[in-house]
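See structure below.
The values are calculated or read from the model by the stated rules, or taken from the named source; none is laboratory data. Quantities reported herein were computed from a predicted structural model and do not represent experimental measurements. Here the Cβ is made from the backbone with ideal geometry for all residues, glycine too, and neighbour counts use every protein chain on show. We work out accessible area using only protein heavy atoms, side chains counted, and drop any ligands, DNA or RNA first. Shrake-Rupley method; radii C 1.70, N 1.55, O 1.52, S 1.80 Å.
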Amino acid sequence: GISLMIVVLAAPILGALTDFSGAKKRFLIVSWLGGNLNTMTIGGLTIAIGALVDDAIIDVENVFRRLRENRRKDEGERRTPLQVVFAASSEVRNAIFFATLIIVLVLLPLFVLPGFEGRLLRPLGLAYVAALAASLLVSLTVTPVLCLLLLGESKALSHEEPRMMRAMKAGYRRILERSLGRPGVVLGVCLVLLAGTVALLPWLGRSFLPPFNEGSLTVAIVSPPGITLEQGDALGREVELSLMAFPEVVSTSRRTGRAEKDEHVQGVNASEMEIVLRPGRPKDELLAAMRRAVATIPGAQVSFGQPISHRIDHMISGSKSNLAVKVFGSDLSVLRNLAAGAERILRGVPGIADLGNTEQASVPQLLIEFDRPAMARFGVSATSLARTVEALFQGSEVGEILEEGIVSRVVVRYPEALRRERNRLDDLPVAMSDGVLIRLGDVARVRFDLGPSLIRRENVQRVAMLTANIAGVDLAGTVEEARRAIAAGLTVPPGYRIEYGGQFEEGARSARNLAVLSVLILAAMYGLLFAAFRNHRYPSIVLVNLPLALIGGVAALFLGNGVLSVASMVGFITLFGIATRNGVLLVTHYQNLLRDEGLSLQEAVRRGSVERLAPVLMTALTAGLALIPLLIHGGEPGNEIQSPMAQVILGGLISSTFLNMIVVPVLFARFGGVSPDLPASFGPPGE
């Protein structure tokens, strides 16, 4: 109880790093580095909560055990509590420092990740590292002082270990003895588990970010181009009423069309609707029901998204959906045919939803073709005629009016009656250079025809775009299936090409970046452990925890949503740092027993493993308990990114903690032999 009190008393010291002077609470370190308290920083602190007390647990447990051993000695052989606390804290000081440094090291990729995922995850990593740094500072300074004040003469030192801990150690001794006697079987079982883990990887889905549950929807409604504003408004209202029938819908707001000079110009045939939801059925089930409800509305192509996800998609691919299939080429008719063929193929791909191809639809157009010979006869230049035609239909700016500081443009154009009747267009007046008026039909041919509603360009090249959402979580798998189907069923002529854009593209790039950074971090971890142990055997034994952690992390991911995203990959990176801590604790304690107490290799492994059982289990338990709320409330808004991370970390902690207490002793007993120049980097000062 007193030991627990020491760990708890260290928490106010962490609270001293909090500034309450402003209107809202800010953490000083995060604030100094330009951050603030938001969802991602809170997520980083939540994941770090379990690790915050790990350093204090290790120090307090070692001090308490050493004080208990000192109390059992004869009166003349006992040391003072100050000497015991100093020696016990020094014994684990460097192990705590290096273990925490490794955790910080593995989080460095979060600070150098480029792109959207870097901006998103950087505050989480910053909060996590700041919390661990504060925890390390407290454990190296405040915790030993509290141990001396509260444990130095405590009556609890005369008590035996709790019955549950004695039973756990007795059971662990039996398992350890059997494992040390059968190292081949232990390593074989681990290899089988690792092989099974690798076999599960291809079955995992892939995504850039986990699906969000934002509590609202963004609904895009597109109808055939050329309809009037009244028709577009009526169609949007019909979709609106259909969705309002769902009990989960609280309110809707709709915008039909956008201004011509808007950054994202849209005709009156397009509407955007924002829907506020209340808790109800699962999001996937609700969206499926909504798609069925609006599918019966004629002339309406409806796609569903969410505000934040919608903007992420738009930033990544330029489209407002999960997948954008872009067909590049020069001839609009060929582009239209290729887009139509790709659309037919994509409709047969499972998981494709809200498929749209309206940008290449044909709409009625008014064509005015200049008659060059007639223009020459009347002395009308192409430039002046083009300006005249523009003025006829759009008007011509002739001046400005300044009224109470407000500037208004003055535009002159012909009455609408002259421009809306087809049979009168040829009679529109055109002025020659000498001011004489002639008919538009005298120098041009006016006719109506069908043409593309929109000509889209990307990188100065014409492009037709198909958009679609993925009605499922395996984004990358569905996209790969769509890519294979189009490659097999569509012939692309020379000079034309098809590209695929969306979150899956960003996810693949992020996975490559994280893979490269992980290799570099792994090399840095090995170098740091080598600098601490001064040989190559001990770092190799410690790093065995990485595949052991991978076993539980992949299993938890497979039993959960089964999707590997950037969030879960960051969870694996964080897990590797946490799992390495247990290996460091075991190996450094073996090292101390070999060097300081002169035990044989087998005796050091047996005694060291049993003595480190309590701190290893306690640190794993505190870290795991802190992650459970994120798993329970993983579907709530704001927890979508933290929940996959917590899922991976918790699963990996379970496997690495239990396998670590078996595999590391077996490996150390086999390969950790005593050398004459046994390193002393983890020993107490002066030794």
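The number of residues in the stretch 217-242 being in a helix (DSSP H, G or I), out of contact with any helix residue (DSSP H, G or I) (no Cβ under 6 Å at 6 or more places or on another chain) and hydrophobic (A, V, I, L, M, F, W, C) comes to 4. Within the stretch 180-198, the only residue that satisfies the criterion of being free of Cβ contacts under 8 Å to residues at least 60 places away in the same chain and either in a loop (DSSP other than H, G, I, E, B) or crowded, with 18+ Cβ neighbours inside 10 Å (or both) is Arg182. Tallying residues that are out of contact with any Phe, Trp or Tyr (no Cβ under 8 Å at 6 or more places or on another chain) and either without any contact (Cβ under 8 Å) to a residue 12 or more places away in the chain or open to solvent by 30 Å² or more (accessible area, probe 1.4 Å) (or both) within the stretch 199-211 yields 4.
Every residue, every condition in (1) part of a helix (DSSP H, G or I); (2) within 25 Å of Leu113 (Cα to Cα); (3) open to solvent by less than 50 Å² (accessible area, probe 1.4 Å); (4) of a type in the set (Asp, Glu), yes or no:
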| site | (1), (2), (3), (4) |
| --- | --- |
| Arg509 | yes, yes, no, no |
| Asn513 | yes, yes, yes, no |
| Leu517 | yes, yes, yes, no |
| Ala523 | yes, yes, no, no |
| Leu529 | yes, yes, yes, no |
| Ile541 | yes, no, yes, no |
| Ala549 | yes, yes, yes, no |
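What is the residue count in the stretch 382-428 for residues that are free of Cβ contacts under 8 Å to residues at least 40 places away in the same chain and under 12 Å from Ala444 (Cα atoms)? So the answer is 5. Anything in the stretch 336-380 that is assigned to a strand (DSSP E or B) and within 32 Å of the chain's Cα centre (by Cα)? List them, or say none. Answer for the stretch 336-380, where residues must be assigned to a strand (DSSP E or B) and within 32 Å of the chain's Cα centre (by Cα): Ile352, Ala353, Asp354, Leu355, Gly356.
In the stretch 142-155, of all residues being under 47 Å from the mean Cα position of the chain (by Cα) and in contact (Cβ under 8 Å) with a residue 24 or more places away in the chain, the one that is surrounded by the most Cβ atoms within 10 Å (Cβ to Cβ) corresponds to Cys147. Within the stretch 521-545, residues that are within 15 Å of Arg670 (Cβ to Cβ) and touching a residue at least 40 places away in the same chain (Cβ under 8 Å) sit with their Cβ atoms under 6 Å from residues that are assigned to a helix (DSSP H, G or I) and open to solvent by 10 Å² or more (accessible area, probe 1.4 Å), at 6+ positions apart or across chains, in these pairs: Arg537/Phe671; Ile541/Leu667. Do we find that Val104 is within 30 Å of Ala508 (Cβ to Cβ), in contact with a Gly (Cβ under 8 Å, 6 or more places away or on another chain) and part of a helix (DSSP H, G or I) in this structure? For Val104, the condition - within 30 Å of Ala508 (Cβ to Cβ), in contact with a Gly (Cβ under 8 Å, 6 or more places away or on another chain) and part of a helix (DSSP H, G or I) - is met.
Check whether at least one residue in the stretch 419-441 is in contact with a helix residue (DSSP H, G or I) (Cβ under 7 Å, 6 or more places away or on another chain), part of a loop (DSSP other than H, G, I, E, B), over 20 Å from Phe378 (Cβ atoms) and at pLDDT 75 or above, and report yes or no. The answer is no, given that none of the residues of the stretch 419-441 is in contact with a helix residue (DSSP H, G or I) (Cβ under 7 Å, 6 or more places away or on another chain), part of a loop (DSSP other than H, G, I, E, B), over 20 Å from Phe378 (Cβ atoms) and at pLDDT 75 or above.
Residue under question is Phe97, and the condition is that it be in a helix (DSSP H, G or I), under 30 Å from Phe64 (Cα atoms), among the aromatic types (Phe, Trp, Tyr) and open to solvent by 20 Å² or more (accessible area, probe 1.4 Å); does it hold? Considered against the rule, which asks whether it is in a helix (DSSP H, G or I), under 30 Å from Phe64 (Cα atoms), among the aromatic types (Phe, Trp, Tyr) and open to solvent by 20 Å² or more (accessible area, probe 1.4 Å), Phe97 comes out as yes.
For the stretch 577-610, a tally of residues being open to solvent by 20 Å² or more (accessible area, probe 1.4 Å) and on the phi < 0 side of the Ramachandran plot returns 10. Please determine whether any residue of the stretch 454-472 is in a helix (DSSP H, G or I) and either buried (at least 19 other Cβ atoms within 10 Å of the Cβ) or not small (Gly, Ala, Ser) (or both). No, there is no match, as no residue in the stretch 454-472 is in a helix (DSSP H, G or I) and either buried (at least 19 other Cβ atoms within 10 Å of the Cβ) or not small (Gly, Ala, Ser) (or both). Of the residues making up the stretch 366-412, those that are open to solvent by 60 Å² or more (accessible area, probe 1.4 Å), in contact with a strand residue (DSSP E or B) (Cβ under 9 Å, 6 or more places away or on another chain) and under 30 Å from Ser333 (Cα atoms) are Leu366, Glu369, Phe370, Asp371, Arg387, Glu390, Gln394. Pull out all pairs, ordered by first then second residue, where Cβ-Cβ is under 7 Å, the residues are six or more apart or on different chains, the first lies in the stretch 157-179 and is touching a residue at least 60 places away in the same chain (Cβ under 8 Å), and the second is part of a helix (DSSP H, G or I) and among the polar types (S, T, N, Q). Close Cβ pairs satisfying both conditions: Leu176/Ser609. Scanning the stretch 611-634 for residues that are closer than 30 Å to Gly280 by Cα, buried (at least 20 other Cβ atoms within 10 Å of the Cβ) and among the hydroxyl-bearing types (Ser, Thr, Tyr) turns up nothing.
Okay, residues lined up against (1) modelled with pLDDT of 80 or more; (2) surrounded by fewer than 21 Cβ atoms within 10 Å (Cβ to Cβ):
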position	(1), (2)
Thr39	no, yes
Ile42	no, yes
Leu45	no, yes
Gly50	no, no
Asp55	no, no
Asn70	yes, yes
Lys73	no, yes
Gly76	no, yes
Arg79	yes, yes
